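Enquirer: Shown below is the structure under consideration.
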Amino acid sequence: MRHVIIGAGPAGVVAAETLRGLDSQSAITLIGDEPEPPYSRMAIPYCLNDMIGEAGTYLRKTEGHYDGLNIEVVQDRVTALSTQDKTLTLVSGGSQTYDHLLIASGSTPTAPPIDGIDLPGVHACWTLDDYRRIIERAKPGSSIVLMGAGFIGCIILEALAARGVNLTVVELENRMVPRMMNEASGGLIKRWCEDKGVRVLTSTRVEGIESDSPNDMLKVSLSDGETLDADLVISATGVAPNTAFLEGSGIEVDHGILVNDRLQTNLDAVYAAGDVAQGRNFSTGEYSVQAIQPTAVEHARIAATNMSDGHEFKHQGSLNLNVLSTMGLISASFGAWEGVDGGDSAELSDSGRYRYLNLQFKEDVLIGAHSLGLTAQVGILRGMIQTGLHLGVWKDRLMRNPLNLTEAYVAATQGVGLAAKATR
């Protein structure tokens, strides 16, 4: 049996290791299109703030790790896929054949359609090559414009601020981290950053970027009419699944590759995992792309298990889970944090101390939450949501005081207060 994995990020590496753990005999090939050993993109900001070197981003740091597991690592790019012949075409001119294929090709940063986005000095922060280019310009005292204050943008923000640059963040939405924080909590993150010397412009977009020559300052035009001078512009405005090479393959693609509860595509021998896969969402039951590393790793283990003969593992759905540090302020969101129609919610806010907690309920089950500056009960929040724990009378008590999470969790798991609620 020959297993081939497209993509050498966390999903690809975990899938290869899972396959080897289940099958000691089959050939396993891992194809990555960058010249470095398999690495984590999420570790790149730690290079920016000098916490680690480039080797610190590598997913496996032991010399000879992949050789020791008899996993072949190929540095090449897949340009086409023939599912009829079970053959991959590589940019080098070579090819690979497979019996089972896992597509874990990840995603690529999307560039906003503005003039000047391709100028020297304008970069994404997605690859180690991007990091090398950014580090040349991100000197202490340099002026940097960061487009985007989402999850990835805020990680980059924290790393850049630690370098002592003059940083301006431009975010199109009316708050920071709009996909995991509401207006109240996102607004608190903005105020926190501004108090620490970072300028944050929300409800603002970059209209264009100009430069007279590669070595000149960049001129960044904003929607409010202001023009910023910048040594460097970083774009962190979103990502899109890498699916272009699948054209004509017969694999069904919507926003991402459509998969079933085995992480299998519409073709029996082909699976997908990670940022490129449109998998089940735990909270909604619908299928969507969740471009976060915990989902990628979960997908990888399930897909690899099902690729190995004699094993069966069904995907129950990935829980939306984000934990973020923005200049030392910890925020987190879980599940259906925006709530559902007909549901109840509870809110606690202490803006002076940058503390915020919002709980979302469907009947007496906690289905979503997001928090700011509160870290002690993050595990409890996740456990309550992921297990669908019925809270009984503790739901009403949490509505009155959302901080009673520990007491509610312990009591509800022991059945205390559930009967009382049922008889009311």
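Since every read-out is calculated from the coordinates, none of them should be taken as a lab result. Since the structure is predicted, the reported quantities are computational estimates derived from the model, not experimental observations. Cβ sites come from the backbone with ideal geometry, for glycine too, and all protein chains shown count toward neighbours.
Enquirer: Taking Cα atoms of region 241-290, Rg/Rh with Kirkwood Rh, to two decimals?
Expert: Result: Rg/Rh = 0.95.
Enquirer: Explain nothing, just the number: dipole magnitude of the chain about its Cα centre with +1 on each Lys and Arg Cβ and -1 on each Asp and Glu Cβ, in debye rounded to the nearest 20.
Expert: Computed about the Cα centre, the dipole is about 1440 debye.
Enquirer: Here is a follow-up. Quick one: which residues, 5+ away or cross-chain, put their amide H under 5 Å from the amide H of N266? H built at 1.01 Å from N.
Expert: It is E252, by chain and number.
Enquirer: Rounded to the nearest 0.05, what FRET efficiency do A111 and E210 have when you use their Cβ-Cβ distance and R0 = 25 Å?
Expert: For A111 and E210, the calculated efficiency is 0.95.
Enquirer: Specify which residue in the list S221, L160, T202 is farthest towards the positive end of the charge dipole of region 122-235, using unit charges on the beta carbon of Lys, Arg (+1) and Asp, Glu (-1), about the Cα centre.
Expert: L160
Enquirer: Could you give the C-alpha radius of gyration of region 294-347 expressed as a fraction of 2.2 N^0.38 Å, taking N as the number of residues it contains?
Expert: For region 294-347, the normalised Cα radius of gyration is 1.65.
Enquirer: So what are the ³J(HN,Hα) numbers for region 147-163, from phi and the Karplus equation (6.51, -1.76, 1.60; θ = phi - 60°), rounded to whole Hz, Gly and Pro as x?
Expert: Using θ = phi - 60°, the values come out as 8, x, 10, x, 4, 5, x, 6, 5, 5, 3, 4, 5, 5, 4, 5, 7 Hz.
Enquirer: Give me the Kirkwood hydrodynamic radius of region 263-308 in Å, from all C-alpha pairs, to one decimal place?
Expert: Result for region 263-308, one decimal place: 10.7 Å.
Enquirer: With bins 10 Å wide starting at 0, give me the P(r) of the chain over every alpha carbon pair, in whole percents.
Expert: In whole percents, the pair-distance histogram is 4, 20, 26, 25, 18, 6, 1, 0.
Enquirer: Hey, if you put +1 on the Cβ of every Lys and Arg and -1 on every Asp and Glu Cβ in the chain, which of L128, A240, N404 ends up farthest toward the positive end of that dipole?
Expert: N404
Enquirer: Mind ordering 256-262, 365-371, 117-123 by average Cβ neighbours within 10 Å, highest first?
Expert: Highest to lowest by the protection proxy: 365-371, 256-262, 117-123.
Enquirer: If Lys and Arg each add +1 and Asp and Glu each add -1, what is the summed charge of the other residues whose beta carbon sits under 14 Å from the beta carbon of S105?
Expert: -3
Enquirer: Then there is this: Stokes-Einstein at 4 °C, 1.567 mPa s, Kirkwood radius from Cα pairs: D for region 122-235 in µm² s⁻¹?
Expert: Approximately 91 µm²/s, per Stokes-Einstein.
Enquirer: Next question. Could you give me the ³J(HN,Hα) list for region 319-328, computed from phi with Karplus coefficients 6.51, -1.76, 1.60 and θ = phi - 60°, whole Hz, x at Gly and Pro?
Expert: With coefficients 6.51, -1.76 and 1.60, one gets 7, 4, 8, 9, 10, 9, 10, 10, 6, x Hz.
Enquirer: Near the amide H of T108, under 5 Å away, which other amide H atoms are found, from residues 5 or more places off or on another chain, if H is placed in the peptide plane?
Expert: For T108, the qualifying residues are A240, N242.
Enquirer: So how strong a dipole does region 122-235 carry about its Cα centre when Lys and Arg Cβ are +1 and Asp and Glu Cβ are -1, to the nearest 20 debye?
Expert: In debye, rounded to 20, region 122-235 gives about 400.
Enquirer: What number do you get for region 328-422 when its Cα radius of gyration is normalised by 2.2 N^0.38 Å, N = residues?
Expert: My calculation over the Cα atoms of region 328-422 gives 1.02.
Enquirer: How large is log10 of I(q)/I(0) for region 1-130 at q = 0.18 Å⁻¹ when the intensity is taken from the Debye formula with one equal scatterer per alpha-carbon?
Expert: Here the Debye-derived log intensity ratios amount to -1.04.
Enquirer: Between M327 and residues 5 or more places away or on another chain, which pairs have amide H atoms under 5 Å apart, with H built 1.01 Å from N, and which residues are they?
Expert: The answer is E158.
Enquirer: I want to check the label-to-label distance for D129 and V416. Put each point 7 Å from Cα in the C-beta direction and report it in nm to one decimal.
Expert: Each label point lies 7 Å from its Cα, and together they span 5.9 nm.
Enquirer: How much net charge surrounds Q278 when only the other residues with a Cβ under 15 Å from the Cβ of Q278 are counted, with Lys and Arg +1 and Asp and Glu -1?
Expert: Net of charged neighbours comes to -4.
Enquirer: Here is a further query. Antiparallel DSSP bridges in region 122-235: what percent, to the nearest 5?
Expert: 35 percent
Enquirer: Using helices alone, I'd like the mean residue ellipticity at 222 nm for the chain: each DSSP H run of four-plus residues gives -39500 (n - 2.57), total over residue count, nearest 500.
Expert: -7000 deg cm²/dmol
Enquirer: OK, next. Once the dipole of the chain is set up with Lys and Arg at +1 and Asp and Glu at -1 on Cβ about the Cα centre, which of L30, P113, T18 lies farthest towards its positive end?
Expert: T18
Enquirer: Tell me, what ³J(HN,Hα) does each residue in region 33-38 have, in order and in whole Hz, if you take phi through Karplus 6.51 cos²θ - 1.76 cosθ + 1.60 with θ = phi - 60° and put x for Gly and Pro?
Expert: Calculated HN-Hα couplings, in order: 9, 10, x, 8, x, x Hz.
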